[in-house]
1. Any chance you could count how many residues in the range 523-576 are touching a strand residue (DSSP E or B) at 6+ places or on another chain (Cβ under 8 Å) and assigned to a strand (DSSP E or B)?
2. Across the range 386-416, what is the total count of residues that are farther than 12 Å from THR539 by Cβ and open to solvent by 10 Å² or more (accessible area, probe 1.4 Å)?
3. Would you check which residues across the range 611-623 are surrounded by fewer than 18 Cβ atoms within 10 Å (Cβ to Cβ) and either at pLDDT 95 or above or more than 27 Å from CYS66 (Cα to Cα) (or both) and list them?
4. Is it the case, given these coordinates, that LYS369 is at negative phi, over 18 Å from the mean Cα position of the chain (by Cα), surrounded by 24 or more Cβ atoms within 10 Å (Cβ to Cβ) and of a type in the set (D, E, K, R)?
5. Test of understanding: among SER535, SER565, SER505, which residue is in contact (Cβ under 8 Å) with a residue 12 or more places away in the chain, within 26 Å of PRO97 (Cβ to Cβ) and crowded, with 23+ Cβ neighbours inside 10 Å?
6. Please find, within the range 720-745, the residue that is farthest from ASP708 (Cα to Cα) out of those that are open to solvent by 10 Å² or more (accessible area, probe 1.4 Å) and among the polar types (S, T, N, Q).
7. Please specify each residue of the range 71-121 satisfying the condition of being in contact with a strand residue (DSSP E or B) (Cβ under 7 Å, 6 or more places away or on another chain), among the charged types (D, E, K, R) and not in a helix (DSSP H, G or I).
8. Would you please list the contacts, defined by Cβ atoms under 6 Å and residues six or more apart or on different chains, that run from a residue in the range 472-491 that is over 13 Å from SER166 (Cα atoms) and acidic (Asp, Glu) to a residue that is open to solvent by less than 20 Å² (accessible area, probe 1.4 Å) and assigned to a loop (DSSP other than H, G, I, E, B)?
Amino acid sequence: MTRKTPQIEEPSEKDLVVADGPKSWAAGVPGVYHSMKPAIEQMGLNRTRKTVMAMNQKDGFDCPSCAWPDPHHRKAFEFCENGAKAVTWEATPVVVPDNFWAENPVSELRSRSEYWLGMQGRLTEPVYKPAGEDHYKPVSWAEALRLVTDKLKGLDSPDRAAFYTSGRTSNEAAFLYQLMVRGYGTNNLPDCSNMCHESSGWAMGQTIGIGKATVSFDDYAQADLIIVMGQNPGTNHPRMMTELEACKNRGGEIVAVNPLPEAGLRRYKNPQEVKGVIGHGTQIADQFLQIRIGGDMALLQAVSKRVLDAEAKNPGTVLDHAFLAEHCEGLEELKEHLARLDERTVLEATGLRSEDIDELAARYLKAEKVIITWAMGITQQKKGVATIKEIINLLLLRGNMGKPGAGASPIRGHSNVQGDRTMGIWEQMPQSFMDALGKEFDFEPPREHGTDSVETINKMRAGEIKVFVALGGNLVGAISDTNAAVAAMENTEMSVQISTKLNRSHTVTGREALILPTMGRTEIDIQESGPQFVSVEDTVCAVHPSWGSVEPVSHHLLSEPVIVSRLGKLLVGDKIKADWDGYEKNYDLIRDHISRVVGGCKDYNQRIRQEGGFILAHGPRDSRTFPTPTGKAVLTVNYLELVQRPEGTLILQSMRSHDQFNTTIYSHNDRYRGIKKGRHVVFVNPDDIAELGLADGQYVDVHGVYDDGEERVVRKFRVVSYPTARGCAAAYYPEANVLVPLNHTAEGSNTPVSKAVIVRLEPSLDQTPEGAATVPAGVASP
């Protein structure tokens, strides 16, 4: 079943090929080819069949990639290219060999790229790096868990530890994890949501009372207009393309708002339709607004102002007055505020023409049912929270909430990041949750808010947090300001990673370090009471079961619920009324607790076994009821702040490549943007290249421009002439994380601002390809 680790060669930058610019369509036969080729090569035909055919099926496992929802009626092939690659990466039978740890010092592993680390195969045994040593060495599960709990028990306060969570963690594991952490005595529960959709949660919570999408899966096909903002569905959630196509087939319109043209928003060739295989496919975007980075808030305000102006010209015919009167507050304040909106400021902020905005407003006014959907292109702005509030404003004006085919739709980028938050993974859960948790387990949970991801890095760097435990994820690779993150992790006394494969966070460690290997979602999980399943929540609040389909790559592996149960027994024990041994044997016991603690989850065990699971209640979506302090949705007043670009600089955004999921790199190619064999590139508009005195193909050092006295630079990146918005540039994540100051965060949510980084490009001293950057992803060059 297992295979030896293949020989992985890092690409040489001298071989980097820049193709002929962005592609004009996505998916089609190439999408199938690039899905199945690596799967069959790395897993073999039989394992590929068992995994990809079970992915997103009602009796199969949930895709470990994005959180796009599943249709009620499933196709035989209910997966996309990125999902297939995520499964191949996780379910590979390649395992890290026994001699790996002796032959590879941590200091040498640190020089390797994320791609190389991930391609070494699955982790199969606990390993421990003692203080002062440069090698991990295998240890037993009992010894590994003892080392962790002894260290935690020896701290002078539970707040000296932080417990991070990845969005792949199941509901059952997440609920147990937060129970263990709070039973231990802290709310230090940073998670990956802090770095992505925290802004969505804050903005929607303050305006409609709940930080989740107000649409269902079926709403997409029923919409008259879908406005896609700050996201690239063709790469980051490709199954969404099918529903955008369904909207178009029904006569709906789609507007794309983004600084870069993306292939998936231009034309989509559905590989499960004849016209997608031998025809031209479907044109997706009826209008493309190439907005200046940071200009989305100004655009939304300008459209709302046009809606209000249309109402003023034709009173009683434009706004949904009945909805506004019954369900909303703040309309008059919004009218007064937007009446003063200056069009010249809007045009400067957006880089658009008034005619472009007029066209979008006309489409919005014509449509009876509108969805606005967004991702990190919006949330990772300084004004991300305010921008999302403006999305809500625009939707509320014409009653586009709580009716079929309409609503607000943040698209979560990680498969269960929303479910983890529902289960209590948040440093500041509401008191109602804490009361229910304390009652269920007969203890008093800590009430003081804990640390989020940015605060955790700051406190580790300051020596206030001494132990870092991660249930999945790759915080060092994922978070902004890589040098600060590295210094913070190195300043801890111990770092603990519960993981399926190697990543950057295993090579940047505390003085002591442990890696605890775990099963993947694709693997069959059998415990004492029999076969087990877990559950997840997707981006539209649908909760459904996930059953593994292939044998684990090693009998030494433990599942996440089992690892957390054993840690909980050793760390917390009988300080709370918890059956740690029972949770390991039967996950139904965990779900019984969830049903009594988590709102909307009553009768969890029964409902999760219904065909397709169940949908969590959602007041704004289901009944136009808003759990805000006044019981009404709030139209808000938000103040514009332009992203200033000093002369000689550009506004840079970080982004994923097509062959990537978060910090997991599947290859060094980006097919839709025309990049092959390299990631150290910076995309720049050709007019900006000329204005800056640079040239396409030239190597530059990219400097972050901030006044905090710290140098942030990535060296020898290749300039790629690309049709970005004027004055804007782009580079790959996580390589560009180095350039983002740790405390440069969104107002309100504290999310790193990775979508508005002021940079200066300077020609590299060495222009020879052989000397090009080979620094691993997420590590600053000297």
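1. Residues that pass the stated criteria total 16.
2. Count: 6.
3. The answer is ALA617, GLY619, ASP622, SER623.
4. So LYS369 does not fit the description; no.
5. SER505
6. This residue is SER721.
7. Passing the criteria: only GLU78.
8. Pairs that qualify, where the first residue is over 13 Å from SER166 (Cα atoms) and acidic (Asp, Glu) and the partner is open to solvent by less than 20 Å² (accessible area, probe 1.4 Å) and assigned to a loop (DSSP other than H, G, I, E, B), are ASP481/VAL740; ASP481/PRO741; ASP481/LEU742.
The values are calculated or read from the model by the stated rules, or taken from the named source; none is laboratory data. Computed from a prediction, not measured in an experiment: that's the story for all the values here. Note: ideal-geometry Cβ built from the backbone for every residue, glycine included; neighbour counts use all protein chains shown. What goes into the accessible areas is simple: the full protein's heavy atoms, side chains included, and nothing from ligands, DNA or RNA. Shrake-Rupley method; radii C 1.70, N 1.55, O 1.52, S 1.80 Å.
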